[in-house]
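Undergrad: Once you've had a glance at the structure underneath, I'll fire off some questions.
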Amino acid sequence: MFDILSEDSRGFAISMDLLLALIPLTLVLGFVVADMDNILYQMEDTVFRGATDRAASDAVTALITTSGDPYDWETNTTVSQNNIVAGLAQYDTLKGAPVEGTIDPIKLASLNETHIQSLIGSNYQYFLNVTTINKTAPATLKIMGNANYPNAKDVVKVERVVLSSKLKVVSSLISQIKYSGASQIYTIPSFQTNTASINSYDYWILIANNQRFTAASVSVNNNMINFTSTNINSPQKIDSAFLNNNASTPNKYFNNIVTLNATGSFLSSMDFYIVQTPKGTVASEINKDTVLPQKSKFDLYLWVN
């Protein structure tokens, strides 16, 4: 037997095989080089998108699960605005912890653009929209930021469901006040005030779901506020002089002791609320719809400058 190909022919065949094998690899490398800009752009876009997602999610988490630092930043007059970390969750002073997912309407009203920008950083623009989830008459609780977000290049949206209201209930007694045929004193859970909060807000008594009670006497730190048959269903403002505070320590909170004695017929019942409102709020704005927390949408839109 003898070799069909000479040494030179065999070398030529091997070279051709290598060249043929390199053609697909060359084509692939060509395609990669030609599309490199697009690949790099997509990688960069993915990185930026991930960072924006994270910034939006972290900001929303901080706002709805914490009360901020300090927890009373909305009324604390001793802290510089530059040192505030805003949080919107109601703060339970008895437990010493935020009520996650329940928005404090006073904090929400006090939230400003500086607070938001410090959470998200200077590289981003935002739009915040908080509305009640009500198919017939949704109410807008807060709108902030740049509403031109639909024209932004790449927008991240984070949506959460929270509990929120227009006005803040600081104490209540619900489904427990019922006339049993004899006079009875009801002790309302105490609420706290300080000089700073009294100067910034008013406090009201609201009797709701009243069934057949005709009169009520409310004691606030042994100061009487009387409701008669003509005004029992109307909110009454608590005189600020009745509320405990100390001008020398304006940010220190003090308890206010409240009791109720109501007159009615058998099977009478009512719900009782003490409501904190911004100065200037009128009685007609205070009712069950504005003080009871409702399910609300908390939407934050975020995009790179």
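Undergrad: Using Cα pairs under 8 angstrom and six or more residues apart, how large is the relative contact order of the stretch 128-282, in percent?
TA: So the answer I get is 34 percent.
Undergrad: Given C-alpha coordinates of the stretch 196-258, what is the ratio Rg to Rh with the Kirkwood estimate of Rh?
TA: 1.05
Undergrad: How much mean residue ellipticity at 222 nm does the chain get from its helices, if each DSSP H run of length 4 or more adds -39500 (n - 2.57) and you divide by all residues, to the nearest 500 deg cm²/dmol?
TA: -8500 deg cm²/dmol, from helical runs alone.
Undergrad: Between ILE185 and LYS237, what is the FRET efficiency for a Förster distance of 25 Å, r being their Cβ-Cβ separation, to the nearest 0.05?
TA: Using R0 = 25 Å, I get an efficiency of 0.65.
Undergrad: Let me ask something additional. Can you give the relative contact order of the chain as a percent, counting alpha carbon pairs under 8 Å and 6+ residues apart?
TA: In percent, rounded to a whole number, it is 23.
Undergrad: Follow-up. Please list, or write none, the lysines whose alpha carbon is within less than 24 Å of the alpha carbon of LYS288, excluding same-chain residues fewer than 8 places away.
TA: Qualifying lysines at Cα under 24 Å: LYS107, LYS135, LYS142, LYS166, LYS168, LYS178, LYS237, LYS279, LYS297.
Undergrad: Shape verdict for the stretch 160-305, please, from the Cα gyration tensor: rounded (a/c under 1.5), prolate (a/b greater than b/c) or oblate.
TA: Oblate is the answer for the stretch 160-305, as a/c is 1.5 or above yet b/c matches or exceeds a/b.
Undergrad: Can you tell which of ALA59, ALA51, ALA208 shows the greatest fluctuation in a Gaussian network model of the chain with Cα springs below 10 Å?
TA: Answer for the Gaussian network model of the chain: ALA51.
Undergrad: Let me ask something else. Can you tell me the 0 to 90 degree angle between the C-alpha axis of helix 7-34 and the longest principal axis of the chain, rounded to 10?
TA: Roughly 20 degrees, rounded to the nearest 10.
Undergrad: I'd like to check one number: the per residue accessible area of the chain, probe 1.4 Å, reported in Å² as a whole number.
TA: 56 Å²
Undergrad: Ok, one more. Starting from the Cα-Cα distance between THR78 and ALA147, subtract it from 0.36 nm times their residue separation and give me the gain in nm to one decimal.
TA: The span from THR78 to ALA147 would gain 21.5 nm if fully extended.
Undergrad: I need the semi-axes of the equivalent ellipsoid of the stretch 221-305: take the C-alpha gyration tensor, multiply each eigenvalue by 5, square-root it, list largest first in whole angstrom.
TA: That gives 32, 23, 12 Å for the three semi-axes.
Undergrad: Give me the tail of P(r) for the chain as a percent: Cα-Cα pairs with distance above 35 Å.
TA: Pairs farther apart than 35 Å: 42 percent.
Undergrad: Still on this model: What is the distance in Å between the Cα centroid of the stretch 170-237 and that of the stretch 265-305?
TA: Rounded to whole Å, the Cα centres lie 16 Å apart.
Undergrad: On to the next question. R0 = 30 Å: FRET efficiency of LYS95 with LYS295, Cβ-based, nearest 0.05?
TA: 0.85
Undergrad: So, one more: How high is the relative contact order of the stretch 204-262, in percent, counting Cα pairs under 8 Å that sit 6 or more residues apart?
TA: Relative contact order, the stretch 204-262: 43 percent.
Undergrad: Quick one: if you take sqrt(5λ) for each eigenvalue of the C-alpha gyration tensor of the stretch 102-245, what semi-axes come out, biggest first, whole angstrom?
TA: With the √(5λ) rule applied to the stretch 102-245, the semi-axes are 41, 19, 12 Å.
The values are calculated or read from the model by the stated rules, or taken from the named source; none is laboratory data. Here the structure is a predicted model, which is why all the values come from computation and not from measurement. Glycine also receives a Cβ, built like all others from the backbone with ideal geometry; neighbour counts cover every protein chain displayed. Protein only, heavy atoms only, side chains kept; ligands, DNA and RNA dropped before computing areas. Shrake-Rupley method; radii C 1.70, N 1.55, O 1.52, S 1.80 Å.
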